[in-house]
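This report refers to the structure that appears directly beneath it.
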Amino acid sequence: MVLSKAVSESDMSVHSTFASRYVRSSLPRYRMPENSIPKEAAYQIINDELMLDGNPRLNLASFVTTWMEPECDKLIMASINKNYVDMDEYPVTTELQNRCVNMIAHLFHAPLGESETAVGVGTVGSSEAIMLAGLAFKRRWQNRRRAEGKPFDKPNIITGANVQVCWEKFARYFEVEIKEVKLRDGYYVMDPEQAVEMVDENTICVAAILGSTLNGEFEDVKLLNDLLDKKNKETGWETAIHVDAASGGFIAPFLYPELEWDFRLPWVKSINVSGHKYGLVYAGIGWCIWRNKEDLPEELIFHINYLGADQPTFTLNFSKGSSQVIAQYYQLIRHGFEGYRNIMENCHENAMVLKEGLEKTGRFNIVSKDEGVPLVAFSLKDRSRHDEFEISDMLRRFGWIVPAYTMPPDAQHVTVLRVVIREEFSRTLAERLVLDIEKVMYQLDALPSKLMSPTLLAKTAAKRTELETQRSVTDAWKKFVLANKTNGVC
Amino acid sequence: MVLSHGVSGSDDSVHSTFASRYVRTSLPRFRMPEQSIPKEAAYQIINDELMLDGNPRLNLASFVTTWMEPECDKLIQASVNKNYVDMDEYPVTTELQNRCVNMIAHLFNAPLGDSETAVGVGTVGSSEAIMLAGLAFKRRWQNKMKAAGKPCDKPNIVTGANVQVCWEKFARYFEVELKEVKLSDGYYVMDPAKAVDLVDENTICVAAILGSTLNGEFEDVKLLNDLLAEKNAKTGWDTAIHVDAASGGFIAPFLYPELEWDFRLPLVKSINVSGHKYGLVYAGIGWCIWRSKEDLPEELIFHINYLGADQPTFTLNFSKGSSQVIAQYYQLIRLGFEGYKNIMENCQENAMVLKQGLEKTGRFNIVSKDNGVPLVAFSLKDSSRHNEFEISDFLRRFGWIVPAYTMPPDAQHVTVLRVVIREDFSRTLAERLVLDIEKVMHELDALPARVANGDAAAAAAAAAASEREMAKQREVISLLKRAVLAKKKTNGVC
């Protein structure tokens, strides 16, 4: 007779992840665990916790690309283990970056001869690009001042008060004073006249933004160029312009080709653009293009010898992934001029659909403009009972992430909801969003008011014109940025 | 009777990519094309051109990780569209970064209380981490000098001449003078005594390297700490130390746990480590850890409000991918202390196998040390007829990428081949590499000499005596240093 033995403790590897002990033990958070765990368990545990992150495609706050074609995803995964900086080992990838730089330089009308190569670099984002451009300007200015025997210890840079946080970072980390042009009635971007007025002999450059973060507006770079030209002739200084085209650089050439904002203007010496915004690539790629060699001081460039030829590099980061560079090249050749134009036109169209849908509800003021980056910024006409934060919270329950940006305590009643229209935000989604916002308003109407303070009620009861609202929005926004940004608006 | 129609111009979408016109037209290189092309064509064309890149896993030059488990690849793919900086929208990803910072801080013995959170940040690599750490030191020093009413316009930083290029970048871009400690006979990293000698009141910090780029050696941080403490006591300055543990930070705790190099030493105020080197994550992640809040000046930090709590950030980059942060967390919990230790021990073991294999051929001098980062640097005993470049070229034909690092023209005969042992470089590969190197030597022996006569004589003389080996090593480093100073890096040594 055969006695069968019951298997009491089976091999651990037999257990499925959710049958194993790994999902019962608490995962360490602050110290490395002593022991290894199986890879399936590690994968499952992390994957499951990440389910509680927002869905990137429903993150309507961000300009940054959240969808790419599966073919491109394949290229990205295949190159994930390529360290971009190994130019010797990956010459094709390096070549692809050079091609992108040239294509984008030509897109921006850089004054290049037929066989002349563009001066530019791929970065991790517009922050790095801006720091490099600012560094180039600072060094040029220092060299010039030194040659003239003048002091060069107090450089400053002129921007609008609507500037994005990376300019603050540049100023703070590279010890440049930031002189901000204040905004005014009906004009919520940098005023070229006031900017030029603020230019002094210590100004390293004037930074204009093509695609203001808050309302997507393009600044008038042409006017800035003309006024600056006049002042330079009067003073003998050579103050130049950097255009922060993080968002607008991949929109203006396709939607507004006659708009002169790029190297067609002689005083524009460098431009940055985010590949990962309307360049239509996932987060992690930006571009900085200089007009020509003279605008990038040689002493900042490090030279690497690859394939016997000189490869100049000027970046803050060294080792990084190659995937986004390859993805950018994919997009440029896959879409071409025609494809990008179609996509931008669609974005613009869907922004209008959303805007009109919101206007039709009769409950919102539209703070953003029609021209510029395709986004819709709006605030409540009547904030006496509920505010934009509650709308934002309730929209989360439907799955949408539409943050509300609050103002500092002296204007707590001024809040804006902003929806950025990206490539994959189709008309269907725009219509659904409007419907869901209507549902939210309906639900809120039925709820008691959360704002109980009598003072607040009195304040909000006063009639505010649309202009006043916009003004206080941007005033307080500016104050905000100066006092330390408490919300990472990108 | 039915007449059948020949289809002369069928719909383009019917054609397979290689049957279509897209592979016949020249792809624009310098200007955007006017028209779109189908995605399959775009994919195929780019994929095919990229076949001519080197195979990352056979790139033996790099410390940077080139293989991860498929489970981790899945996580990476799933998070490729998450912009890391959107902390509000992706709170779990942000939490994972915080956990990694804390785990690494504890790994480095940061003096934290039980519930105290570590001060640190995830970066794109050690370059960014070093710039942040340097910036913190510079600002602390400036504040100190301003408070003392002294001039603060000439900061300097003390490092060894064996320093990696990102320190040069930091110095040049942030306007800090770089004071390099020259190397000496038999000592090819920064000498702590000489370093401390160079310290003056304008020194913002001394940077020590744990895992020198050329030969993987660890610098003696403990000695540096003790000597610096002595000098500080005498002068009243409080010059501190930053440890560039880009490679060594994920090796020393597992292979040499008794080695005191981290926050156990009181003057070490910040440490950077590359997650993408022995942190075992793909390129694009580094970490900078500070000892405590005091070491990171508040004015450098930007505060972001998320989930009602304050999330301080201090980075140069803003938007970037989330994949590598998640991958780092995966590795830390998947492997744990035990797993990392096993992997480092394996790397060390395989480095010894390679080294012994090369020594057995009798043709090479081993320039690297046994302790430190697992790598093998070697040069030809006799380079009179052929040089290391040719070995490098020939090895490429077998598929291996083993670059040779050349010295500037006044010492063209001094070249080093360096093989870095990464996690995925198994013993089988080590043995195969030795075999292939032997094949290459055999082929080269059969070929006529390529080196010119004059150089050959000098090379033969140099290779003859054994004392010359030391001189060669010394020259290697001093020329490397000169090359770096002259801003003419002829090869991107990472």
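The values are calculated or read from the model by the stated rules, or taken from the named source; none is laboratory data. This one's a predicted model, so the numbers in the text were calculated from it and none came from an experiment. With ideal geometry, Cβ positions are generated from the backbone for all residues, glycine too; neighbour counts draw on all protein chains shown. Accessible surface is based on the protein model in full, side chains and every heavy atom, while ligands, DNA and RNA are left aside. Shrake-Rupley method; radii C 1.70, N 1.55, O 1.52, S 1.80 Å.
For the reader, a short list of remarks on this structure follows.
- When B:LEU75, B:LEU107 are checked against the criterion of being at pLDDT 90 or above, open to solvent by 10 Å² or more (accessible area, probe 1.4 Å) and at the interface with chain A (Cβ under 9 Å from one of its Cβ atoms), a single residue qualifies: B:LEU107.
- Residue satisfying condition, being among the hydrophobic types (A, V, I, L, M, F, W, C) and crowded, with 22+ Cβ neighbours inside 10 Å, within set B:ALA207, B:ALA193, B:ALA229, B:ALA233: B:ALA207
- Those residues of the stretch B:435-444 which are touching a residue at least 12 places away in the same chain (Cβ under 8 Å) and open to solvent by 20 Å² or more (accessible area, probe 1.4 Å), in sequence order: B:GLU438, B:LYS439, B:GLU443
- Within the stretch B:33-45, restricting attention to residues that are facing another protein chain (nearest Cβ under 7 Å) and small (Gly, Ala, Ser), the residue that is least open to solvent (accessible area, probe 1.4 Å) is B:ALA42.
- Exactly one residue out of A:ASP48, A:ASP53, A:ASP86 is more than 28 Å from A:GLY372 (Cα to Cα) and more than 7 Å from chain B (Cβ to nearest Cβ): that is A:ASP48.
- Taken over the stretch B:373-389, the criterion of being crowded, with 20+ Cβ neighbours inside 10 Å and not small (Gly, Ala, Ser) is satisfied by B:VAL373, B:PRO374, B:LEU375, B:VAL376, B:PHE378, B:LEU380, B:HIS386, B:ASN387, B:GLU388.
- B:ALA483 satisfies every condition listed in (1) within 14 Å of chain A (Cβ to nearest Cβ); (2) buried (at least 21 other Cβ atoms within 10 Å of the Cβ); (3) at pLDDT below 85 except (2).
- In the stretch A:351-372, the residues that are within 25 Å of the chain's Cα centre (by Cα) and at pLDDT 95 or above: A:ALA351, A:MET352, A:VAL353, A:LEU354, A:LYS355, A:LEU358
- Taken as a whole, the condition of being closer than 19 Å to A:GLN194 by Cβ, open to solvent by less than 10 Å² (accessible area, probe 1.4 Å) and in contact with a Ser or Thr (Cβ under 8 Å, 6 or more places away or on another chain) applies to A:ILE158.
- Failed criterion for B:ALA351 (all others in (1) in a helix (DSSP H, G or I); (2) within 14 Å of chain A (Cβ to nearest Cβ); (3) surrounded by 19 or more Cβ atoms within 10 Å (Cβ to Cβ) hold): (2)
- Boolean, A:ILE80 is at the interface with another protein chain (Cβ under 8 Å from one of its Cβ atoms) and either closer than 14 Å to A:PHE314 by Cα or open to solvent by 10 Å² or more (accessible area, probe 1.4 Å) (or both): yes
- Screening B:GLU175 with (1) on the phi < 0 side of the Ramachandran plot; (2) open to solvent by 20 Å² or more (accessible area, probe 1.4 Å) gives one miss only, at (1).
- Scan of the stretch B:314-342 for residues that are part of a helix (DSSP H, G or I), open to solvent by less than 10 Å² (accessible area, probe 1.4 Å) and at the interface with another protein chain (Cβ under 7 Å from one of its Cβ atoms), ordered by number: B:ILE326, B:TYR329, B:TYR330, B:LEU332, B:ILE333, B:GLY336, B:GLY339
- Whichever residue in the stretch A:258-300 is away from every other protein chain (no Cβ under 13 Å), open to solvent by 10 Å² or more (accessible area, probe 1.4 Å) and under 23 Å from the mean Cα position of the chain (by Cα) and, among such residues, is farthest from A:ALA207 (Cα to Cα): A:LEU259
- Sole residue being crowded, with 24+ Cβ neighbours inside 10 Å, among the small types (Gly, Ala, Ser) and more than 9 Å from chain A (Cβ to nearest Cβ), chosen from B:GLY113, B:GLY134, B:GLY125: B:GLY134
- Test: B:LYS369 is part of a loop (DSSP other than H, G, I, E, B), among the charged types (D, E, K, R) and either open to solvent by 10 Å² or more (accessible area, probe 1.4 Å) or within 14 Å of chain A (Cβ to nearest Cβ) (or both): yes
- Against the conditions (1) touching a Ser or Thr at 6+ places or on another chain (Cβ under 6 Å); (2) more than 20 Å from A:PRO111 (Cα to Cα); (3) among the polar types (S, T, N, Q), A:THR239 satisfies every one except (2).
- Every residue from the stretch B:23-54 that is small (Gly, Ala, Ser) and either out of contact with any His (no Cβ under 7 Å at 6 or more places or on another chain) or in a helix (DSSP H, G or I) (or both): B:SER26, B:ALA41, B:ALA42, B:GLY54
- So B:THR65, is it within 9 Å of chain A (Cβ to nearest Cβ) and within 30 Å of A:GLU89 (Cα to Cα): yes
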